[in-house]
Amino acid sequence: MAILSKSTYIKGLQCEKALYMYKKHPYLRDKLSIEQRAKFQRGTDVGVLAHKYFPGGMDMSPDSPSQFQEKVQETMANLANPAVNVMYEAVFQHNDTLIMLDMLVRDGDQWMAVEVKSSMRLSDTYYNDAALQYYVLHGCGVPLSDFKLMYLYADYVKNGPIDVKQLFKLESVLDYVIEREEFVSKNVERLKSVVALPHSPVVNIGTQCNNPYPCDFQGHCWKHVPKNSYLFTTAMGDETLFESYFNGVNSNAKMLQQLAPDSETTHQIEALETNSYYIDYKTLYSLKPQPDPKSVAYLNLLLNRPAVPEIDGTRPYEEMILAFALQGKHEPEGCFVWDCFDDRNRWSESIPILIDKLSHYELIVCFTPQNLTTTLLRHKILQNREIGHKVFNLFDTLQVAHFYHPTIKRGLTLQRLSEALFPDAKLFEHSRIILEATSNDLIGYQQAKEDLIAENEMVARTYQHFFK
Ligand code: SF4
C-alpha cells in the first residue's frame with residue numbers, strides 16, 4: 001500500500017510532524033471549516049470541466065480507496081492500449097508514492113501529463129505538486145513528451161457556452177520538474193522514514209504552522225501556548241515573533257521588556273492580557289465622517305466570485321451581486337433586501353435599485369475586505385458621484401486605526417469583530433463563504449439571506465459603538 005500521496009507529500013514538506021499526525025493520528029485534526037470545504041469543492045468542479053479540453057477520455061477514478069491498486073494495474077494496461085488516447089485521474093504508484101493525474105493525453109509514441117489548477121496564477125505549491133507527479137510517472141516508466149499545468153485564463157470573457165479552449169491556459173513545467181527530480185527523490189525517502197517512526201517527530205511550533213497553509217493540527221500542537229501569548233499579536237510578523245520565542249522569550253512580561261512602551265505590539269499584548277481590544281482612537285476619530293450625517297444607510301452586499309464565469313460578459317472570479325441588504329430610515333420596516341438567488345442572470349437588476357436607494361442617504365456604511373469602491377465602480381454605481389463620496393468602509397477604517405483583538409490573528413472579519421466588541425452576539429458570515437464557493441449545496445440561501453440582515457445589523461452596531 002502507498003505511504004505517500006500528493007497531499008501528504010506537500011503536507012510533509014511543510015512539516016514532518018503534520019505528515020506523521022495525519023497518517024497516525026488523523027482524529028486530532030482541527031475540524032474543516034465550511035470555507036475550506038467550499039474551496040475543495042471549487043477545485044473538483046473546475047477539474048471536471050477541464051476534461052472537456054481533451055474529451056473522450058477514460059475516467060480512472062476509483063470509487064473507494066480499496067480500488068487504488070486495481071486502478072494502478074488498469075492505468076498501466078491502458079498505456080499499452082492504442083484505443084486509449086486520454087485518461088482522467090490516471091493512478092500511478094512508484095516507491096510507495098501514489099498519485100492521480102488529472103489528465104494524461106497520448107502524444108504520438110509518448111504521453112503529455114496535464115494537471116489542472118482552479119486558479120488564475122501558478123504558485124510554488126503547484127510546481128511542487130507537478131514535480132512529485134513527474135517523479136512517480138518517470139519512476140513508472142511513462143514516456144512523457146511534456147508536463148503541463150492548466151489554469152484559468154484571467155482575461156477570458158464568457159460569451160455563450162463555456163469555451164474550455166479559451167477558458168484554460170497551458171504552461172509547460174517539464175524543465176522544472178526534471179530539474180527537481182533529485183530533490184523530490186530525497187524528500188520522498190525522508191518522508192517515508194518519518195511515517196515509519198514509532199512516535200511523532202519532535203517539531204516545535206513555528207512559522208511553518210501557517211506557511212504556506214494554516215496547518216490543521218494547530219489545535220493539538222498549540223494547546224500549551226497560553227491564549228494571551230504574544231505569539232498571537234499581528235504587528236511584527238511570525239518570523240520576528242518566533243525569533244524571540246526560540247531565543248527564550250517565553251512570556252509576555254519578557255517580551256514587553258524588549259519593546260518600546262508605545263509600540264503597536266506592546267498595545268496588542270496589553271489587549272491580550274486584559275482580553276479587550278486596542279485601537280488608536282486619535283487615528284480613528286480623524287477618519288470619522290464629517291459633518292455628522294443626517295441619514296445613514298448600512299449596506300451589506302453578498303457577492304459571488306465563481307471560478308468559472310456563470311454569466312455572459314463576466315471573467316473567471318469576477319464578482320457579481322447575488323443579494324444586498326440595506327438598513328436605513330427610508331426603508332419600509334427599516335430594512336430592504338434584494339436577491340437573485342433563483343436566477344443569477346438577473347443580478348444586474350440590482351444596480352439601478354441600489355443607485356436609487358443609496359441616493360437618499362448622506363452616508364453609506366459597510367464592512368468589507370473587498371475594495372467596495374472598485375466593486376461599485378465596476379458595476380457603474382459609483383459613476384453616480386452623488387453616491388461615490390458617501391461610502392464609508394468600516395473594515396478599512398479599523399485597519400488604518402490599528403484595531404486589534406486576540407480573535408483577529410487570522411485576519412479581521414465581521415464575525416471576529418463582533419466577538420471582540422459584543423461577545424454575546426452570535427454571527428455567521430455567509431457572505432464570506434459564498435465568495436469562496438461555486439457550489440450552492442454547502443449553504444441554504446434562506447439562511448444566507450437572514451444572516452445578510454444580521455451582518456448588516458452588526459455593521460450598524462459597530463459603527464454606533466465607535467462613532468455615536
Ligand atoms: S501545528 Fe505546526 S508544528 Fe504542529 S504539525 Fe502543524 S505545522 Fe507542525
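The values are calculated or read from the model by the stated rules, or taken from the named source; none is laboratory data. It should be emphasised that the depicted structure is a prediction, and the values quoted were computed from it without experimental measurement. Methodologically, a virtual Cβ is constructed for each residue, glycine included, from the backbone with ideal geometry; neighbour enumeration extends over all protein chains shown. Surface accessibility is based on the protein's heavy atoms, side chains included, excluding ligands, DNA and RNA. Shrake-Rupley method; radii C 1.70, N 1.55, O 1.52, S 1.80 Å.
Short-range pairs are left out: with C-alpha atoms under 8 Å and at least six residues apart, the relative contact order of segment 217-278 is 37 percent. For ALA425, no residue 5 or more places off, or on another chain, has a built amide H under 5 Å of its own.
The aspartates and glutamates within cross-link reach of LYS282, meaning a Cα-to-Cα straight distance under 16 Å and a gap of 8 or more places when in the same chain, are ASP262, GLU264, ASP396.
Can you say what percent of the DSSP beta bridges in the chain, counting only those with both residues inside, are antiparallel? Round to 5. If we restrict to bridges inside the chain, about 65 percent are antiparallel. If the chain linking GLU171 and ASP312 were pulled fully straight, counting 0.36 nm for each residue of separation and taking away their Cα-Cα distance, it would gain 48.1 nm. Zone of ASP96 (label point 7 Å along Cα→Cβ, backbone N under 16 Å): which residues in segment 175-197? Counting backbone N atoms under 16 Å from the label point, the list is 185-197. Sequence-ordered 3J(HN,Hα) estimates for segment 343-359 from the Karplus curve with 6.51, -1.76 and 1.60 and θ = phi - 60° stand at 8, 5, 5, 7, 4, 6, 5, 5, 5, x, 5, 4, 4, 5, 4, 5, 5 Hz, glycine and proline given as x.
Dimensions of the chain from C-alpha coordinates, computed as largest minus smallest value along each principal axis and given longest first, are 77, 61, 35 Å. In the structure shown, the pairs LYS52/LYS192; LYS288/LYS409; LYS11/LYS449; LYS6/LYS148; LYS288/LYS329 are assessed against 27 Å; a Cα-Cα span above that value is assigned to LYS52/LYS192; LYS11/LYS449.
Taking amide hydrogens as placed 1.01 Å from N in the peptide plane, the amide H of ASP107 sits under 5 Å from those of MET112, each at least 5 positions away in sequence or on another chain. With respect to the chain, whose longest principal axis is taken over its alpha-carbon atoms, helix 181-195 is tilted by about 80°.
Helix 124-139 and the long axis of the chain differ in direction by around 10°, with both axes built from C-alpha atoms.
Taking the 1.4 Å solvent-accessible surface of segment 4-195 as the whole, the part contributed by carbon and sulfur is 49%. Subtracting the Cα-Cα distance of HIS224 and LYS254 from their residue separation scaled by 0.36 nm leaves 9.0 nm.
In this structure, the pairs whose alpha-carbon distance is over 22 Å, taken from LYS294/LYS426; LYS24/LYS227; LYS31/LYS227, are LYS294/LYS426; LYS24/LYS227.
Here the Karplus curve 6.51 cos²θ - 1.76 cosθ + 1.60, taken at θ = phi - 60°, turns the phi angles of segment 258-268 into couplings of 8, 10, 5, x, 10, 6, 5, 5, 4, 4, 5 Hz, with x standing for Gly and Pro. 3J(HN,Hα) along segment 23-29, derived from phi through the Karplus expression 6.51 cos²θ - 1.76 cosθ + 1.60 where θ = phi - 60°, amounts to 6, 9, 9, x, 5, 8, 5 Hz, with x in place of Gly and Pro. Just how far, in whole angstrom, is segment 191-260 from segment 130-182 if you go by their alpha carbon centroids? Taking the Cα centre of each part, segment 130-182 and segment 191-260 sit 36 Å apart.
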